[in-house]
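So the structure is just underneath, and the comments pick up after that.
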Amino acid sequence: MKDAQLTSMNSDQVTIYREPGPPIDKERPLESMMKRFDVAAEILGLERGVYQYLKTPVRQHIVSIPIQMDDGRIEVFEGYRVIHNDVMGPSKGGIRYAPDVSLDEVKALAAWMTWKCAVVGIPFGGAKGGVRCDPSKLTQVEIEKITRRYTANLMDVFGPERDVPAPDMNTNEQTMAWVMDTYSMHTRRTENAVVTGKPLIIGGSLGRKEATGRGVMVNTLSALGKLGLSPKDASVAVQGFGNVGSISARLLQEQGCRIVGISDISGGFFNENGIDVSGAMTYVEKHRSLHGWKGGDKVSQTELLECECDVLVPAAKEDQINPAVAKKIHAKVIVEGANGPTTAKADPVLQSKGILVVPDILANSGGVTVSYFEWVQDRMGYFWELESINDRLDRMMRSAFDAVYQAAAKHHVSMRIGAYVLAIDKVAKTLKVRGIYA
Ligand code: GLU
């Protein structure tokens, strides 16, 4: 395997392979977000002051996280929490752990959360957090310590009415349980609405774990409908096999789609006859990655993005589809499961090829939508059945898709710009009605 790196994971030292993705277009994620923001602001004729207000995060926190490692050494990690905007309500957004997390990236992701919540119509602002660390090299105990110290440092920022974190890349239900517990220890009462994406047993919501993948599935069906394609005739390739990628693949397969490609950090697999998604999920549960899986022909990350398929779901990370990759994409539809998988420079390439792109802030909004349901249930102390959660989610996804599709048609722009126009307009109008406090 070319350029593959060996990485050991967590305390039980399972070794996995990392295969590099496509050469990263060095576009900064914040610039990438701002380029789209600027286009939408111009369409809306946003006044200068409002433009300034909405492009600037309201608060940015950088915290130092000293931890005593298992071997007794002290290591200091850096953590971030950026509140991009809280005009619509408490700020909402995940926390990610990765060795390359930066303030710049977190700022972009926080802004994306503001637009995402506005697109789907939930009463939250946008935030994001991150800790610069490599979870594959940390033990569970070390990860727990990092999580607790990060939370303790941000006690004045978090809160059910202030800022509500959730899982993101390399964080999960357990991480959220630690955040909730640490917060609750400091406030001297159990405060389950302070985070979403928690385990069910401590006030999590049914359907939350599957929600982002479910939203991707519903959006894919809406997009296929616009092209007059039935799911039974559609082939799908999914980049990324974490929570979002694997569940999107499984749910799309249940709808009749043929999943022809999947990938994770260890590389990609292609199988024209259809991949056994459940089998692959079971394999990953056991082996931590797809490395060594035998259900398809081995392909590189780039080959997977460029493979013969009708629908491409990039569900891995930012900046995967740059102009060079975009030129070679065969899919008719791209449904962005990840945040920011397409660089701003690749947008016009995809548009000129007539590819229908369901943008991240719509396509992956299922997760934060069920986070909203979880927060509502926690505050009511009354928990809903899965059926009603999925029904509400499906309805909200479908109506958000239609609203974005119509906005795009009205302004003769891509669905991405249509989504930004809708979102920025909503937040700007709310800001104007509330007025500026001085
Ligand atoms: N991290 C997820 C996202 O990017 C979920 C955020 C949330 O539920 O607050 O949408």
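Ignoring ligands, DNA and RNA, please state the percent of accessible area on the chain from carbon and sulfur, probe 1.4 Å. Could you put the intermediate results ahead of the total?
Numbers: 9210 of 18120 Å².
That share works out to 51 percent.
Semi-axes of the equivalent ellipsoid for segment 229-327, computed as √(5λ) from the eigenvalues of its C-alpha gyration tensor and ordered from largest down, come to 18, 17, 12 Å.
One Cα centroid belongs to segment 197-229, the other to segment 132-186; the line between them spans 24 Å.
The string of couplings for segment 56-62 from the Karplus curve (6.51, -1.76, 1.60, θ = phi - 60°) is 9, x, 6, 8, 9, 10, 10 Hz, one whole number per residue in order, with x for Gly and Pro.
Before I look further, what does segment 164-292 give for accessible area per residue, probe 1.4 Å, in whole square angstrom?
39
May I ask which residue of Pro231, Thr196, Ala249 lies farthest towards the positive end of the charge dipole of segment 179-270, with charges of +1 (Lys, Arg) and -1 (Asp, Glu) on Cβ and the Cα centre as origin? Positive-most Cα among the choices belongs to Thr196. Among the listed pairs Lys107/Lys410; Lys232/Lys294; Lys328/Lys353; Lys55/Lys410; Lys226/Lys332; Lys145/Lys317, a Cα-Cα separation exceeding 18 Å is found for Lys107/Lys410; Lys232/Lys294; Lys55/Lys410; Lys145/Lys317. Between the alpha-carbon centres of segment 328-343 and segment 363-413 there is a gap of 21 Å.
Taking a Cβ cut-off of under 13 Å around Val433, the surrounding Lys, Arg, Asp and Glu residues balance to a net charge of +3, with basic ones at +1 and acidic ones at -1. Summarising the amide proton neighbourhood of Gln239: residues at separation of 5 or more, or on other chains, whose placed amide H is nearer than 5 Å comprise Val313, Ala315.
What the Cα convex hull of segment 29-163 gives, in volume per residue, is 108 Å³.
Computed about the Cα centre, the dipole magnitude for the chain is approximately 940 debye when only Lys and Arg (+1) and Asp and Glu (-1) carry charge, each at its Cβ.
Of the residues Ala438, Met69, Thr56, the one whose Cα sits farthest toward the positive end of the charge dipole of the chain, with +1 on the Cβ of Lys and Arg and -1 on the Cβ of Asp and Glu, is Ala438. Dipole of the chain computed with +1 at Lys/Arg Cβ and -1 at Asp/Glu Cβ about the Cα centre; of Ser102, Asn364, Val157, farthest Cα towards the positive end is Val157. Other residues whose C-beta falls under 11 angstrom from the C-beta of Phe77 contribute a net charge of -1, scoring Lys and Arg +1 and Asp and Glu -1. Ranked by the mean number of other Cβ atoms within 10 Å of their residues, highest first, the peptides 161-167, 90-96 come out as 90-96, 161-167. The string of couplings for segment 217-229 from the Karplus curve (6.51, -1.76, 1.60, θ = phi - 60°) is 5, 4, 5, 5, 4, 4, 5, 4, x, 5, 8, x, 9 Hz, one whole number per residue in order, with x for Gly and Pro. Sequence-ordered 3J(HN,Hα) estimates for segment 378-385 from the Karplus curve with 6.51, -1.76 and 1.60 and θ = phi - 60° stand at 4, 6, 7, x, 9, 10, 8, 7 Hz, glycine and proline given as x.
With a 1.4 Å probe and every protein chain left in place, tell me how much accessible area Arg395 has, in Å² to the nearest 10. Taking all protein chains as shown, Arg395 has close to 150 Å². Starting at 0 and stepping by 10 Å, how many percent of the alpha carbon pairs of the chain end up in each bin? Calculated P(r), rounded to whole percents: 5, 22, 33, 28, 11, 1, 0.
Pairs Lys116/Lys137; Lys209/Lys286; Lys35/Lys327: which exceed 23 Å Cα-Cα?
Values: Lys116/Lys137 32 Å; Lys209/Lys286 19 Å; Lys35/Lys327 20 Å.
Distance filter (> 23 Å) returns Lys116/Lys137.
The values are calculated or read from the model by the stated rules, or taken from the named source; none is laboratory data. All of these numbers come straight from a predicted model, not from anything done at the bench. Methodologically, a virtual Cβ is constructed for each residue, glycine included, from the backbone with ideal geometry; neighbour enumeration extends over all protein chains shown. For accessibility, only protein heavy atoms count, side chains too; no ligands or nucleic acids. Shrake-Rupley method; radii C 1.70, N 1.55, O 1.52, S 1.80 Å.
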